[in-house]
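The values are calculated or read from the model by the stated rules, or taken from the named source; none is laboratory data. Just so it is clear, the model here is predicted, and its values are computed rather than measured. All Cβ positions, glycine included, derive from the backbone under ideal geometry; neighbour counts span all protein chains shown. Each accessible area value is taken on the protein alone, full model and side chains, heavy atoms only, with ligands, DNA and RNA left out. Shrake-Rupley method; radii C 1.70, N 1.55, O 1.52, S 1.80 Å.
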Amino acid sequence: MRLLYVEDNEKLALNTSASLRDAGFVVDAVHSAEDALHSVRSFEYDAIILDLGLPDQDGLDVLPHIKHARPQTPIIICTARDALDDRVKGLNAGSDDYVVKPFAVEELVARVNAVLRRPGGAL
């Protein structure tokens, strides 16, 4: 299974990507909205993990563009924004799940597996 991980914190992206690889995923990590859009237009992904606090564009603003490019690909928002309003906005904007930082990698892996098991998912 191939994942796109969009995270501006390069250390977090490196560590989480390594853990996702250990769980059996192939991971492409990018650090900006621009790179995320380029990646979804260039490659097929089974799921996308999207941070909201990106340096060049808010993740909520880029989410509809990702969904337009890959409407069937599940998206998990992974962000420090933990208010109820933020979670509701993220889910209503088209994400399939919402994980708040800090998170346990085991939970993130379980949530990726869960969205992939849903009808139309890759598992």
| task | Quick one: dipole size for the chain, taken about the Cα centre, charges +1 on Lys/Arg Cβ and -1 on Asp/Glu Cβ, in debye to the nearest 20. | result | 440 debye
| field | Of (1) 0.91; (2) 0.94; (3) 0.98, the label for Rg/Rh (Cα atoms, Kirkwood Rh) derived from the coordinates | value | (1)
| said: Restricting to Cα pairs below 8 Å that are 6+ residues apart, what does the relative contact order work out to for the range 7-88? Please round to a whole percent. | reply: 29 percent
| Estimated distance in nm for a label pair at GLN57 and ALA18, the labels positioned 7 Å out from Cα along Cα-to-Cβ | 3.1 nm
| request: Taking just the C-alpha trace of the range 30-97, give me its Rg and Dmax in Å. | output: 11.1, 34
| note | Candidate cut points under chymotrypsin sites (Phe, Trp or Tyr not before Pro) in the range 5-90, DSSP loop plus at most 11 other Cβ atoms within 10 Å of their own Cβ, are PHE43
| Rounded accessible area of SER42 (nearest 10 Å², 1.4 Å probe) | 60 Å²
| query | So which lysines can LYS67 reach, going by Cα to Cα under 20 Å and dropping same-chain residues fewer than 8 places off? | reply | LYS89
| So in the chain, what percent of DSSP beta bridges are antiparallel if you round to the nearest 5? | 5 percent
| note | Given Cβ charges of +1 for Lys and Arg and -1 for Asp and Glu, the option among VAL27, PHE43, GLN72 whose Cα lies farthest towards the positive end of the dipole of the chain is GLN72
| task | In debye, nearest 20, what is the charge dipole magnitude of the range 59-123 about its Cα centre with +1 on Lys and Arg Cβ and -1 on Asp and Glu Cβ, if you could check? | result | 220 debye
